[in-house]
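Shown next, in structure tokens, is the structure this report addresses.
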2 protein chains.
Amino acid sequence: MQNRCTPIRQSDRLRELIEERIATGQYLPGMRLDEVALATEFSTSRTPIREALMQLSIPGLIVMRPRRGAIVAEISPQRLYEMFEVMAEIEAMCGRLAARRLTDTDRQVMTDIHKSCEEACASEDPDEYYRRNERFHLALYDASHNTFLIEEATSLQRRLSAYRRLQLRVRDRVSSSYIEHSNILEAILSGDGELAADVIRKHIVIQGERFADLMATIKEQTLSAASV
Amino acid sequence: MQNRCTPIRQSDRLRELIEERIATGQYLPGMRLDEVALATEFSTSRTPIREALMQLSIPGLIVMRPRRGAIVAEISPQRLYEMFEVMAEIEAMCGRLAARRLTDTDRQVMTDIHKSCEEACASEDPDEYYRRNERFHLALYDASHNTFLIEEATSLQRRLSAYRRLQLRVRDRVSSSYIEHSNILEAILSGDGELAADVIRKHIVIQGERFADLMATIKEQTLSAASV
DNA sequence: AAGGTAAATATTGTACACAAAAAAGCATTG
DNA sequence: CAATGCTTTTTTGTGTACAATATTTACCTT
């Protein structure tokens, strides 16, 4: 995608870096993002940092309270459930379109990634499974052949990734996720768009529910670095 | 929504202003957004302008090419079709949820707005109809009772508004739009979520198609201010 | 005269400075 | 000892300067 030869802008690089740290859970919800601290860490001035933060505030990854600094967004269980509800529909749409528009390469890519997921599942490595699982979903988006939809789905996946990651820690979640992927792939390969949409919807909604379970068991401080 | 007592930030005010100018077609696709020109116009410095522009580049309203300035995004017919395809699904989801979760006030608000649309339709004032039509759709989003979905739908509607507006100029589009709204409302009031989703999907897809017709007839220069 | 090259000009990206506002620390008082 | 008000310190928001890069203009060559 990025075929610009122009050297990348500082603020763009920083935005991606900070976004990744939020996605991987290095920056926890509620954590304060100090502009000067970030500036010194990345040995730059506050200007590019601010530009990066302002950009991240748009999709809601961070919250910038006027005159009161930026913090990593704290997503309430309620809102998270809503986000999963929307994600389910977006991915279901990808599946419906994928089933209708699947190319040979799409088929190849998806089956390959699914096989690599099987390996990660067998080796019981949740982190590795997480990464390959993520690739499976990205391949699903690509197969929809709607570039706008691909962008939206990817963006939403990124926003949820910090939470998705946790959710795979739940007992037996990896293996059931793998089985669900098998059903998804089967439906898409058979060309049944409505079936694919249904299966995906359930797959994501289950993730949301498992996450709700997790939230109920784990104490708040595990997720949130600071309270307001 | 905006219940902050803190005085608003310049960059936020500017972002909304520029966004509105894009939505209303005052800034046409391809138009260059000169930082110093904007700064002098709003009698401020380049810093808040830049922050506003960087934020607008995230949802793709404008394109910032490194070292080459910002332009209003030029959305290709292909991409516009894709956006309408996604919008159809998002709004269909709103309708499905609305049918299941409708409150008395939702019902009241939607019927009231629909009635006011009837008036605008009868008086054959496309601009007024456009505004009320917009309100109808916003009320539909609200009725979904999923605040995340409401935000996403609203954001997407804003991104498409410059194009939606044009599309109502097509012959008889206003009256057919009104009839479609009637069907949507009826489906939602009857509580049939799947029916509502179907009707809405068709309503939006028709908009996309009508727009494609428009694009085919009107010459490019009407829409686009400059070609690269 | 056309095309290409080099100087001139304009514009962007980043650093930094300063004012205004919020947070923290401190002292005073009930 | 707690609470409140004042002072100090920190942090944000914006203006401005400057260097690096595009773009335009002018000039020279063929």
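The values are calculated or read from the model by the stated rules, or taken from the named source; none is laboratory data. Just so we're clear, the structure is a prediction, and the values are computed from it rather than from any experiment. Cβ coordinates were reconstructed from backbone atoms using ideal geometry, including for glycine residues, and neighbour counts include every protein chain displayed. Each accessible area value is taken on the protein alone, full model and side chains, heavy atoms only, with ligands, DNA and RNA left out. Shrake-Rupley method; radii C 1.70, N 1.55, O 1.52, S 1.80 Å.
Brief remarks on what is shown
- Top-ranked residue in region B:150-177 [being aliphatic (A, V, I, L, M) and within 14 Å of another protein chain (Cβ to nearest Cβ); ranked as nearest to the chain's Cα centre (by Cα)]: B:Leu160
- Selection of helices (runs of 4 or more DSSP H) fully inside region A:1-103 by the criterion of at least 3 residues being more than 24 Å from the chain's Cα centre (by Cα) returns A:35-41, A:46-57.
- Scanning region A:62-76 for residues being at the interface with chain B (Cβ under 10 Å from one of its Cβ atoms) and touching a Lys or Arg at 6+ places or on another chain (Cβ under 7 Å) gives a total of 1.
- In region A:39-58, the count of residues that are closer than 30 Å to A:His181 by Cβ, surrounded by 15 or more Cβ atoms within 10 Å (Cβ to Cβ), within 14 Å of chain B (Cβ to nearest Cβ) and among the β-branched types (Val, Ile, Thr) is zero.
- In region A:1-22, of all residues being at pLDDT below 95 and more than 8 Å from every other protein chain (Cβ to nearest Cβ), the one that is farthest from A:Arg158 (Cα to Cα) corresponds to A:Cys5.
- Leading residue by the ranking (farthest from B:Pro48 (Cα to Cα)) among those in region A:26-55 that are aliphatic (A, V, I, L, M) and touching a residue at least 40 places away in the same chain (Cβ under 8 Å): A:Leu28
- Number of residues in region B:87-132 that are among the polar types (S, T, N, Q) and under 27 Å from A:Leu149 (Cα atoms): the value is 0.
- Residues located in region A:23-38, provided they are more than 14 Å from chain B (Cβ to nearest Cβ) and farther than 22 Å from A:Thr154 by Cα: A:Gly30, A:Met31, A:Arg32, A:Leu33, A:Asp34, A:Val36, A:Ala37, A:Leu38
- Which numbered condition A:Tyr81 misses (of (1) within 12 Å of another protein chain (Cβ to nearest Cβ); (2) within 16 Å of DNA strand C (Cβ to nearest atom); (3) open to solvent by 60 Å² or more (accessible area, probe 1.4 Å)): (2)
- Check on B:Arg67, of a type outside the set (Phe, Trp, Tyr) and free of Cβ contacts under 8 Å to residues at least 24 places away in the same chain: yes
- Entirely in region B:117-206, the helices (runs of 4 or more DSSP H) that have 3 or more residues that are open to solvent by 60 Å² or more (accessible area, probe 1.4 Å) and farther than 24 Å from B:Leu56 by Cα: B:173-189
Conditions (1) buried (at least 17 other Cβ atoms within 10 Å of the Cβ); (2) within 16 Å of DNA strand D (Cβ to nearest atom), marked per residue:
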position	(1), (2)
A:Ile62	yes, yes
A:Arg65	no, yes
A:Ala70	yes, yes
A:Ser76	no, no
A:Glu85	yes, no
A:Ala88	yes, no
A:Thr103	no, no
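- Check on B:Ile8, among the β-branched types (Val, Ile, Thr) and away from DNA strand D (no atom under 13 Å from the Cβ): no
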